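J.: Handing you a structure now.
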Amino acid sequence: MSTGNDKKFYGDLGIIGGGVGGLGAAIIASYKGLKVTVFEGGRLGGIVTTLYARKIVENYPGAPSILGKRLIDEFVIQAREVQAEVLAERVINVEKKDDVITIVTNEGRYSFRTIIIATGSQPAELGIPGERKFKIKDRGVYNFVTDPDRFKGCNVLVVGGGDTAIDSVHELSGVAKEIYLVHRRDSFRGAQTKVDLIVKNDIAEIVYNHIIAGLEGDDALERAVLEDVNTHMKREIEVDKCILAVGMSTNLDIFEDLGITTEGKYIKVDKEMRTNVEGVFAIGDIATQYQLIVIAVAQGAIAAHNAFGMIRKPYWYKEGEWPTDFC
């Protein structure tokens, strides 16, 4: 295994983010012989750990009906078996000077030949009145159903049109007293088969063409204000809990000093997962709209393969001009 023995380098490849994409890239790169370090300031597994820790992951090929936590445990075990280093440190900045890329964390500075940005995504905020007030200290607003028992006997409002919102309704079936599913459009983008089951079994009252205009209450959530997107008429419903499954956002702030080209909430990459900054790759939710485990893992493999080629320059590696212009 490479030791990164050039004194100016801590290692060959630094990976920012310990989700499935980052861990997958670490496994491939370490297996190929690179000295790899993964930086994760939160929980290993990223959104999979947050969303699926106690749930079944149904769409990861080769691992049918596997718990999210079990899947991440297997990733971590394999990463450590191939001697990838995992540091529980939060990355606060990334710098580049000449051929040295430095990752700055809350604990220190680490320089690498190449890096992979795999920071994933986090739940988006609506920015409505009461959202932040009731999200803290278990006061009624959440992004996911991590513990169904918390909603037992409650009136629950689920907001969103994707799989997370639809899955939340199914998880709360038989647990919550009443369930309202509110979507701003007249159809869902999530699995239609699951929507059909909600309708067929009368699991929830579906409120189409409405947005949530505000959340109200004293010490805890007591009611929600809904607004019709067409007529702008408002109505109040009494709810104890609210699931805001309204999509994901990304954090690009720590990469400002690198001068990376972005588009909206994504880092722009080419088909080899290269950014416009030489030696810097990006994968997963921060680089694509397709928020699937299998895609993050595949992109991690591509980036790791190219990082190895860039560093070791094997006979098969086609060293061409780095794509510095994505405009």
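The values are calculated or read from the model by the stated rules, or taken from the named source; none is laboratory data. Keep in mind it's a predicted model, so treat the numbers as computed, not measured. Because the Cβ atoms are built from the backbone with ideal geometry, glycine has one as well, and the counts that use them run over all protein chains shown.
J.: Identify all residues within region 106-120 that are outside any loop (DSSP other than H, G, I, E, B) and buried (at least 19 other Cβ atoms within 10 Å of the Cβ); write none if there are none.
T.: Listed by number, the residues that qualify are TYR110, SER111, PHE112, ARG113, THR114, ILE115, ILE116, ILE117.
J.: Give me a count of the residues in region 289-309 that are modelled with pLDDT under 95 and either over 30 Å from MET248 (Cβ atoms) or crowded, with 18+ Cβ neighbours inside 10 Å (or both).
T.: Count: 1.
J.: Further question: Provide a single number: the residues in region 285-327 that are within 18 Å of the chain's Cα centre (by Cα) and not assigned by TED's automatic domain parsing to the domain that holds GLU74.
T.: 0
J.: Residues in region 149-163: is at least one of a type in the set (A, V, I, L, M, F, W, C), modelled with pLDDT under 95 and either outside the structural domain of TYR290 (by TED's automatic domain parsing) or surrounded by fewer than 21 Cβ atoms within 10 Å (Cβ to Cβ) (or both)?
T.: no
J.: Looking for whichever is of a type outside the set (S, T, N, Q) and touching a Lys or Arg at 6+ places or on another chain (Cβ under 6 Å) here; the options are GLY11, GLY22, GLY42, GLY18. Which one fits?
T.: GLY11
J.: With the condition kept exactly as written, say whether any residue in region 235-247 is modelled with pLDDT under 90 and over 19 Å from VAL38 (Cα atoms).
T.: yes
J.: Does region 148-168 contain at least one residue that is closer than 19 Å to ALA224 by Cβ, in contact with a helix residue (DSSP H, G or I) (Cβ under 7 Å, 6 or more places away or on another chain) and assigned to a loop (DSSP other than H, G, I, E, B)?
T.: No, every residue in region 148-168 fails to be closer than 19 Å to ALA224 by Cβ, in contact with a helix residue (DSSP H, G or I) (Cβ under 7 Å, 6 or more places away or on another chain) and assigned to a loop (DSSP other than H, G, I, E, B).
J.: Go through region 108-125 and give me each residue that's at pLDDT 95 or above and closer than 30 Å to THR146 by Cβ.
T.: Answer for region 108-125, where residues must be at pLDDT 95 or above and closer than 30 Å to THR146 by Cβ: ILE116, ILE117, ALA118, THR119.
J.: I'd like the full set of residues that are under 21 Å from GLY108 (Cα atoms) and under 21 Å from the mean Cα position of the chain (by Cα), limited to region 54-98.
T.: Residues satisfying the conditions are VAL86, LEU87, ALA88, GLU89, ARG90, VAL91, ILE92, ASN93, VAL94.
J.: Hey, another quick one. Would you confirm, using the coordinates I've provided, whether VAL100 is modelled with pLDDT of 95 or more, surrounded by 17 or more Cβ atoms within 10 Å (Cβ to Cβ), of a type outside the set (Ser, Thr, Tyr) and more than 22 Å from GLN122 (Cβ to Cβ)?
T.: Considered against the rule, which asks whether it is modelled with pLDDT of 95 or more, surrounded by 17 or more Cβ atoms within 10 Å (Cβ to Cβ), of a type outside the set (Ser, Thr, Tyr) and more than 22 Å from GLN122 (Cβ to Cβ), VAL100 comes out as no.
J.: Would you point out the residue of region 200-220, among those that are charged (D, E, K, R) and outside any strand (DSSP E or B), that is surrounded by the most Cβ atoms within 10 Å (Cβ to Cβ)?
T.: Top of the filtered list is ASP219.
J.: Please go through region 67-86 and give me each residue that is in a strand (DSSP E or B) and either in contact with a His (Cβ under 9 Å, 6 or more places away or on another chain) or surrounded by fewer than 16 Cβ atoms within 10 Å (Cβ to Cβ) (or both), ordered by number.
T.: Within region 67-86, LEU67 is the sole residue that qualifies.
J.: Oh, and also: Mind listing whichever residues of region 96-129 are acidic (Asp, Glu) and within 30 Å of GLY162 (Cα to Cα)?
T.: Listed by number, the list holds a single entry, GLU125.
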